[in-house]
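The values are calculated or read from the model by the stated rules, or taken from the named source; none is laboratory data. Please read these numbers as outputs of a predicted model, since none were measured by experiment. Heads up, the Cβs are rebuilt from the backbone with ideal geometry, glycines too, and the neighbour counts pull from every protein chain shown. Ligands, DNA and RNA are stripped out before the accessible areas are found, and what is left, the full protein with its side chains, is counted by its heavy atoms. Shrake-Rupley method; radii C 1.70, N 1.55, O 1.52, S 1.80 Å.
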Amino acid sequence: MALACAFLTADAGGALADSHAIAMHGAPLYQRGFSHFPYVRPDAPKGGTLHLSRSGTFDSVNPFIIRGKPAAGLREFVYESLMARGWDEPFTLYGLLAETIETPPDRSSVLFTLHPKARFSDGSPVRAEDVLFSARTLREKGRPNHRFYYGKIARMEKVGARGVRFVFKAGSDREMPLIMGLMPILSRAYFTKHRFDETSLKTPLGSGAYRVAEIAPGEKILYQRDLDYWGKDLPVNRGRFNADRVLYRYFRDEGSAFEAFKAGEIDARAERDVSRWAVQYDAPARDRGRILLKEIPTGSPSGMWGLVFNTRRGIFSDRRVREALSLLLDAEWINAHLFHGKYRRIGSFFANSDLSSHGLGASAGERALLASFADEVAPEILEGGYRPPVSEGRHNRAGRRAALALFGEAGWFLEGGVLRDVGGEVFRFEILCVRRHEERLALVFARQLRLAGVEARVRFVDSAQGERRMRDFDFDMIFYRWGVSLSPGNEQAFYWGSEAAGFEGSRNYAGVRSGAVDFLIGALVGAEDRGGFRDAVRALDRVLLSGFYVIPLFYSGDQWLAAWDWVGFPERGSLYGTAADLWWLEGGSR
């Protein structure tokens, strides 16, 4: 069924684009009437139970509030947005619950018209009132990112029988129509009977392809495919949601989940532990061709995985201290001995894409954006000469000498093998870990730090405690991975913005408060063309690198996926690899 395209009347600013889709920059890749995305198998067989794993625990099926630990899969399988993302493009949305989208050239407002067939899984229609309820509820009671995004709405109203218009506050950015397109839609009737702002294990109601069939807190959650799912024939859904049931089983840690996979209890798993990927899948089942290892190339940025300084702590408030500590990480030794040399060092917050500033001198556009912030960009980073510290992979003596010089400038001196300040205070901090591979890396880093007189204590906690401490910014240093798309936007303010540094639950774990960062985030979400957007992102990259808020670690340009041979996958991946909603079970069963 092709998506409808309404006839649009332009505001004074000029003509509007086709309303079946909206792209952040340029035109959508797929025209109205397209049949399916090319990274799916449109005729994939249906049936069976797909067994997946998660480590840790959960105590809620409400993924929209800060309280509790929500179960996996709710956002993907139960709740839908007005529009669906096309994963072969930097940032383009196509109609889902909303049949059409209309926005003026300045994107100061957006009008969504709901699909006439859109239904919640109890058969009730998705109405404009549900959309308005969702925006108001998430803005007032939702997670910090929801409150931040939807706080930019100045006015919202129902238009006709199926339309909803959002008008944005003056000075809002061009991404807001797309942000609203990705807003999860809640049932007003359901939340009239159930409190939204409490953790809950009551069966949720959404409009997605699956219903929650079984909940065992902390152990498993089972999703059952809705045979009457209203959107199964939409182009954005063809080839998706193939398993009759999706079961997430929870394990104490990744090691236990891995053993369950090798025993055939789990069908497929994404792997991030490079040591496990390199040597631990050599099991008899793999030798017989039953376990398949797939390295799927991606075209998306690596994101930033690193050791994060909490600059709210006095010990990390000095940039020179943070740079010194980054010099003490012997990345070459770690990559060779812990990761089998399979990783590349991250040199940019947007590595593996044309948004990275790594190795490039700033363009004229970047220099213009940075003109008022010269003191926030290191000269070598502005000119493209900066590289992450490189050791000989054995002793890192040069790194220690450079680090001790920076420590000295910041008032810390090595005495009797211990780093102290002028008052005799020892330089010590804690590295918080929630995964075993993090703990292993942290213990190695702590040994490397000890050679320079730095005392680092490694503390391993369970996932629930770790999440609480991260939410409250109750840590010195953590491991964290910020995912990044080819179209970074408003989420960057949630990651790095000054306002986000002060509110609980944001992902500004580093505590960045920078006028340059705030300005550049505004510039990138306000850019009208890809060139100006790229300049703004690269300029932001340079400021973040210059602040040494994170010790960058490693990345691979591939998605690593292990699966049993009864799991089927599309022939090609998208720019972002593949995902469980695209898979199927051969013969319909395990």
For Lys169, give me every one of the lysines with a C-alpha distance below 23 angstrom, ignoring sequence neighbours fewer than eight places off in its own chain.
Lys141, Lys152, Lys158
If the chain were replaced by its equivalent ellipsoid, with semi-axes equal to the square roots of 5 times the Cα gyration tensor eigenvalues, what would those be, largest first, whole Å?
40, 30, 22
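Among the listed pairs Lys69/Lys117; Lys202/Lys262; Lys46/Lys294, which have their C-alpha atoms separated by more than 31 angstrom in this model?
Over 31 Å Cα-Cα: Lys69/Lys117; Lys202/Lys262.
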What list of ³J(HN,Hα) couplings, whole Hz, do you get for the range 407-421 from phi and the Karplus terms 6.51, -1.76, 1.60, once you set θ to phi - 60° and write x for glycine and proline?
4, x, 4, 8, x, 10, 9, 7, 9, x, x, 10, 7, 9, 8
Roughly speaking, what is the centre-to-centre gap between the range 336-362 and the range 61-99 when only Cα atoms are used, to the nearest Å?
29
Hey, if you put +1 on the Cβ of every Lys and Arg and -1 on every Asp and Glu Cβ in the range 96-225, which of Ala213, Ile153, Leu96 ends up farthest toward the positive end of that dipole?
Ile153
Helix-only [θ] at 222 nm, the chain, -39500 (n - 2.57) per DSSP H run of 4+, per residue, nearest 500, equals -7000 deg cm²/dmol
Rounded to the nearest 20 debye, what is the charge dipole size of the range 153-237 about its Cα centre when +1 sits on each Lys and Arg Cβ and -1 on each Asp and Glu Cβ?
340
Using the alpha-carbon atoms, what tilt in degrees (0 to 90, nearest 10) does helix 530-547 show relative to the longest principal axis of the chain?
40
Carbon and sulfur atoms: what percent of the 1.4 Å accessible area of the chain do they account for?
47
Test item: Cα-centred dipole of the chain, Lys/Arg +1 and Asp/Glu -1 on Cβ, debye
940
Which is farthest toward the positive dipole end of the range 32-133 among Ser109, Gly123, Gly73, measuring Cα position about the Cα centre, with Cβ charges +1 (Lys, Arg) and -1 (Asp, Glu)?
Gly73
Surface accessible to a 1.4 Å probe, Tyr190 within the full protein complex, Å²:
30
With a cap of 14 neighbouring Cβ atoms within 10 Å, and only residues DSSP puts in a loop, list the trypsin sites (Lys or Arg not before Pro) found in the range 353-454.
Arg394
Using the Karplus curve 6.51 cos²θ - 1.76 cosθ + 1.60 with θ = phi - 60°, what ³J(HN,Hα) values do you get for each residue of the range 79-90, in whole Hz, with x for Gly and Pro?
9, 10, 10, 5, 9, 10, 7, x, 8, 9, 9, x
Assuming 0.36 nm per residue, please report the length gained on full extension of the stretch Lys117 to Lys294 beyond their Cα-Cα distance.
59.9 nm
So, with points 7 Å from each Cα along the Cβ direction, the Arg367-Glu259 label distance in nm works out to 6.0
Cut-off 11 Å between beta-carbons: net charge of the residues surrounding Phe168, Lys and Arg +1, Asp and Glu -1
+3
Kirkwood Rh and Cα Rg combined as Rg/Rh, the range 106-226:
1.00
Nearest-10 value in Å² for the accessible area of Ser463, using the 1.4 Å probe
40
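Roughly how big is the range 491-590's charge dipole about its Cα centre, with Cβ charges of +1 (Lys, Arg) and -1 (Asp, Glu), in debye to the nearest 20?
Details: 8 positive and 13 negative charges, 55 e Å.
So the dipole magnitude of the range 491-590 works out to roughly 260 debye.
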Return one whole number: the accessible area per residue of the chain in Å², for a 1.4 Å probe.
40
For the chain, the charge dipole (Cβ of Lys, Arg +1; Cβ of Asp, Glu -1; about the Cα centre) points to a positive end, and the Cα of Phe309, Asn352, Ala362 closest to that extreme belongs to Phe309
